[in-house]
Amino acid sequence: MKWDEFFVTGDPLIYGADVSIVLTMAGILFYMTRYKKWKWLWTEWLTTVDHKKLGIMYIVSAVLMLFRGGVDALLMRTQLAVPEAKFLDSQHYNEIFTTHGTIMIIFMAMPFLIGIINVVVPLQIGARDVAYPYLNAVSFWTFFIGAMLFNISFVIGGSPSAGWTSYMPLASNELSPGPGQNYYLWGLQIAGIGTLLTGINFLVTILKMRAPGMTLFRMPMFTWSSLVTMVIIIFAFPILTVALALMSFDRLFGSHFFTLQGEGMDMLWANLFWLWGHPEVYIVILPAFGIFSEIISTFSKKTLFGYKAMIWSMLLIAGYSFLVWVHHFFTMGSGAAVNSVFSITTMAIGIPTGVKIFNWLFTMYRGKIQFTTPMLWSLGFIVNFVVGGVTGVMLAMAAADYQYHNTYFLVSHFHYVLIAGTVFGCFAGLIYWYPKMFGYKLNERIGKWVFWLFTIGFNVCFMPQYFLGLDGMPRRVYTYSEESGWGPLNMVSTLGGFMMGIAFLVLVYNMYYSFRFAKRETTGDAWDGRTLEWSTPSAMPPFYNFAKIPEVTGLDHFWRQKQAGKVEKLTAKDIKKIHMPSNSGVPFIMGSFFFVLGFGFVFDWMWMAILGGIGVIGTLIYRSFEYDDGYYVSVEEVLETEKISK
Amino acid sequence: MMQRLKPFLTFGLLIAVFMLSGCSDMVVLDPKGPVGEQQKDLIMYSIWFMLFILLVVYALTAFIVYKYRDRKNHKGYDPDNEGSHLLETIWWIIPIIITIALAVPTVKTIYSLEGPPEETKDQKPLVIHATSVDWKWVFTYPEQDIETVNYLHIPEDRPVLFKLTSADSMASFWVPQLGGQKYAMAGMETKLYLQADEQGTYEGRNSNFTGEGFTDHTFDVMAMSDEEFEKWASETKADAPELTKEQYDKLMLPGHVKEMTFSSTHLGFVNHADEADYAIKARERLGYEPLIPHSKAAKEKREEEKEKKQQEQEESESHGDSHAH
Ligand code: HEM
Ligand SMILES: [Cu+2]
Ligand SMILES: [Cu+2]
């Protein structure tokens, strides 16, 4: 490895990025030292095992990744705005769409939702924490380290450029030499560990830690959607782990699972990838469905319509999600019978999805609809997501997909589901539960600006792409000719993209504005909510969530209590000492070793990888000898926190 | 509230109008052969269903949101309305019916596209091997014993059976106006039937991402009368140079080349459907080393290529259109 291969050089954009990274780092170092924040950072955040704080860290990271992925997107849209643009060259463009796709799905959408799940689910089920708080911290740090490892690729070594699907043999050493593709392999592998652990952790949490009286069919819909998501994670992620490992063997140790030489089988990669990849799109859509269910019900002041049908349709979708992966390569020549079967299973997913849409609509029927910002995002979701849904059904018709496949028609479809579904869901959930996390609401007026800017920009950006697709514009091309006639629609699309960029900036401004000026909440019930998370007396739940574990008598327990005027007040005699887990720096340190391990593998520096590996195993061994059973919060402290006098 | 929904409604209408008026301009909806025709029919059929679904959902949303918005003298609030067996049954059944209505023609079309088009199925299809190499297309006419690079001649009104394979990355053979695509993969062979009903030049390309030169991985298809095709084929056989193994090996190097014509085929040296690693080995024989994209060497090479391309462009401009056919 030579230095000119280690640092990415030669592009003013990259030098700009180098400088800004160094300056930001220096700025943070200076600020933290000047204001003596290091200790606070360590004890309050880096070592925390509190699910709410971990959730916030997930969300903050995801918003940063949304920014990074968004900049990538705007760079691409800029290049495509006019025919034959010279802004980015082919290699650079390929790297950008690869990192954009990977970051958005793996390091933005999923962590954003897992962050919201972290904050909300234990509160919704009336639990003090998750089942394995320490493991939860490990999950976060492996995700974070995986994301950072992936992100530095653009200044050190060069980013992957084989697409987020990384089809073999394109992603092999012969056709994608250098560290780029290794970043993809190890960034995803390390983050994937965290996701799988989250899956196990929340499955156990939801099954085992529910408050007394909360039977499965009394769980709020967001908890249900999280439960189903965790099941999908547990079945899907091991497939990704194996696939990535096999490709790593191919690249680092000269095996031939997917390569051109030695009887390698490139179709095997496509199959493994989508066996994970299709369920993955449901991992990032089902929690969003859950969020919309909560919000639509809350702001219609009604119980969810068809609660049981909502659950069954979700379970059906989860099952189906493992039976449709071939629709990503109808054109691989699998034959008419196979394509017919997968066509039909894919279309069938539209049925339960349609049922959900109608149930949401009828949740509002005979309701009292309030147009708060979370509700606007939810309505926007319904209106825009169906466009993605119906075009999904069109793609599912294999004989027609031969024409849409690999075109902008597909690009538009999955952005209509991923943005109008997942991203709208993340925004809606963030705004809805913001008071739970920070003790105040985001400003509603600015929030509505964000909504309209973003939604209009979104449609202006992606609607033209359906037509570009039908006009034969393939995805992943870095430029096109004047004669193709694709220029005008691409220009429109780019303008829409920038509108969404502006909306994002306004959203961030809203966070700043509200931090400074928003009225602070005085109770835990900021929106007149229905589920348990709103029942905490203080705006932000204390680290132990509930001083007294609630007892649940039915669906929307808290709402019905309020209706009946029978909200229980805490009294001193309810308070007992509370057992809580201790903070630990080990997950953070383990994450750092994972970074060393990953970085070593990326550059094929085995000594470094081994060093990192020893560190990881060392921290595991250390942990297994750590006999820390946590500690008790005394009755006095609880009384004081809850502001109850004896 | 109507105020707020207006943008959505107007937008929906606009889309519908746009779709109906702009349809015929879009290549996929302007097919020039029976394969593309069938696909277009299926697409249009599905679009009507989809517009109907959108209409129902939007109308219902607009109605409910308008009627049950929170306001003074709000009427009809019923917090305990939490389900209805009748309604729920309706919206389980209707999507099932729609799915069946879509599935039947889909499956029919899938099966019909497996073979040559109905109208010409008693004609013997013309067989052409299409081989993708980074980033060029090699077309072999085994019966005519000729080979072309980056362009195709086909007779009109006769089915063409493409036997697709690749010398390296997975590519996708696509001529939108003639019909849908199929993958070309090293070490295997996929089959695709296409047919042109009109003479003319159609653009074809690889539509599955294969790295740096992917964007320009294109070719032209010229559909002509039977006689013209036969004439072209025999002239090519007589006039074009033979394809040597050395020359073929050079084609295996990643990069673009201009259109070429040969009076023999590469099937004598290799069929990539049986020998997946031929290109990799040829590159080794020629001493080709893949360059790390960010290395100095790679950048210099890229600059070189840019200059070469520019020069070629200038040349072709000064010589007029070099597109000989
Ligand atoms: C109504 C339900 C849906 C149907 C019927 C559907 C159908 C399809 C089909 C058939 C494809 C493959 C098209 C092709 O490659 O030619 C596809 C691709 C894709 N879908 Fe969906 N989909 C649905 C929902 C979703 C959701 C909820 C998401 C994510 C939140 C999603 C994300 C994607 C992505 C990312 C791709 C692109 C894959 C690639 O890179 O090639 N889809 N969908
Ligand atoms: Cu294959
Ligand atoms: Cu899929």
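Every condition in (1) in a helix (DSSP H, G or I); (2) surrounded by fewer than 21 Cβ atoms within 10 Å (Cβ to Cβ); (3) of a type in the set (S, T, N, Q) holds for A:Thr494 except the one numbered (2).
Examine segment A:70-86 for a residue that is closer than 30 Å to A:Leu170 by Cα, without any contact (Cβ under 8 Å) to a residue 60 or more places away in the chain and under 15 Å from the mean Cα position of the chain (by Cα), and state whether such a residue exists. Break it down stepwise before answering.
At the first step, the residues of segment A:70-86 found to be closer than 30 Å to A:Leu170 by Cα are A:70-86.
Cutting the leftovers down to without any contact (Cβ under 8 Å) to a residue 60 or more places away in the chain gives us A:71-72, A:75-76, A:86.
Restricting the remaining residues to those that are under 15 Å from the mean Cα position of the chain (by Cα) gives none.
Within segment A:70-86, none of the residues are closer than 30 Å to A:Leu170 by Cα, without any contact (Cβ under 8 Å) to a residue 60 or more places away in the chain and under 15 Å from the mean Cα position of the chain (by Cα).
Could you check segment A:586-608 and list, in sequence order, the residues that are over 18 Å from A:Ser624 (Cβ atoms) and assigned to a helix (DSSP H, G or I)?
If we filter segment A:586-608 for residues that are over 18 Å from A:Ser624 (Cβ atoms), which is where we start, we get A:592, A:595-608.
Matches in segment A:586-608: A:Ser592, A:Phe595, A:Val596, A:Leu597, A:Gly598, A:Phe599, A:Gly600, A:Phe601, A:Val602, A:Met606, A:Trp607, A:Met608.
Looking across segment A:374-430, the residues that are open to solvent by less than 10 Å² (accessible area, probe 1.4 Å), more than 10 Å from ligand 1 (Cβ to nearest atom) and closer than 21 Å to A:Thr331 by Cα come down to A:Ala399, A:Ser412. Listed conditions (1) buried (at least 20 other Cβ atoms within 10 Å of the Cβ); (2) away from ligand 1 (no atom under 14 Å from the Cβ); (3) more than 10 Å from chain B (Cβ to nearest Cβ) are all met by A:Trp325, apart from (2).
Among the residues of segment A:211-260, write down those that are among the aromatic types (Phe, Trp, Tyr), part of a helix (DSSP H, G or I) and open to solvent by less than 30 Å² (accessible area, probe 1.4 Å). Walk me through how you get there before you give the answer.
Residues of segment A:211-260 among the aromatic types (Phe, Trp, Tyr): A:217, A:222, A:224, A:235, A:237, A:249, A:253, A:257-258.
Checking the rest, the ones that are also part of a helix (DSSP H, G or I) come to A:217, A:222, A:224, A:235, A:237, A:249, A:253.
A:Phe222, A:Trp224, A:Phe237 - these are the residues of segment A:211-260 that are among the aromatic types (Phe, Trp, Tyr), part of a helix (DSSP H, G or I) and open to solvent by less than 30 Å² (accessible area, probe 1.4 Å).
The residue of segment B:274-297 that is farthest from A:Met265 (Cα to Cα), among those that are without any contact (Cβ under 8 Å) to a residue 24 or more places away in the chain, open to solvent by less than 100 Å² (accessible area, probe 1.4 Å) and more than 8 Å from chain A (Cβ to nearest Cβ), is B:Ala297. Within segment A:259-282, the set of residues being more than 10 Å from ligand 1 (Cβ to nearest atom) and more than 14 Å from chain B (Cβ to nearest Cβ) comprises A:Leu272, A:Leu275, A:Trp276, A:Pro279. The condition of being open to solvent by 70 Å² or more (accessible area, probe 1.4 Å) and over 23 Å from A:Met57 (Cβ atoms) holds for only one of A:Ile621, A:Ile549, that being A:Ile621.
Where the second residue is open to solvent by 10 Å² or more (accessible area, probe 1.4 Å) and modelled with pLDDT of 95 or more and the first is not assigned by the TED database to the domain that holds A:Gly187 and lies in segment A:95-108, which pairs have Cβ atoms under 7 Å and are six or more apart or on separate chains? From segment A:95-108, no pairs qualify. Filtering A:Phe140, A:Phe144, A:Phe150 for residues that are closer than 30 Å to A:Thr531 by Cα and not β-branched (Val, Ile, Thr) leaves a single hit, A:Phe140.
Please verify whether A:Phe292 is away from ligand 1 (no atom under 14 Å from the Cβ) and assigned to a helix (DSSP H, G or I), treating the condition exactly as stated. Answer is no for this residue. Within segment A:59-100, the set of residues being more than 25 Å from A:Pro179 (Cβ to Cβ), within 12 Å of chain B (Cβ to nearest Cβ) and among the charged types (D, E, K, R) comprises A:Glu84, A:Lys86.
Here's a check for you: in segment B:115-125, which residue that is surrounded by 16 or more Cβ atoms within 10 Å (Cβ to Cβ) and within 20 Å of the chain's Cα centre (by Cα) is nearest to B:Phe139 (Cα to Cα)?
The first filter runs over segment B:115-125 and keeps only residues surrounded by 16 or more Cβ atoms within 10 Å (Cβ to Cβ), leaving B:116-117, B:120, B:125.
This time we only want the ones that are within 20 Å of the chain's Cα centre (by Cα), so: B:116-117.
Numbers: B:Pro116: 20, B:Pro117: 22 Å.
Per the criteria, the residue is B:Pro116.
Looking across segment A:333-370 at every residue that is facing another protein chain (nearest Cβ under 7 Å), small (Gly, Ala, Ser) and out of contact with any strand residue (DSSP E or B) (no Cβ under 7 Å at 6 or more places or on another chain), the one that is farthest from A:Leu268 (Cα to Cα) is identified as A:Gly367. Residues in segment B:158-193 that are free of Cβ contacts under 8 Å to residues at least 60 places away in the same chain and either crowded, with 20+ Cβ neighbours inside 10 Å or away from ligand 2 (no atom under 13 Å from the Cβ) (or both): 19 in all.
The values are calculated or read from the model by the stated rules, or taken from the named source; none is laboratory data. These numbers were taken from a predicted model, which means no experiment stands behind them. Glycine also receives a Cβ, built like all others from the backbone with ideal geometry; neighbour counts cover every protein chain displayed. SASA here: full protein model, heavy atoms, side chains in, ligands and nucleic acids out. Shrake-Rupley method; radii C 1.70, N 1.55, O 1.52, S 1.80 Å.
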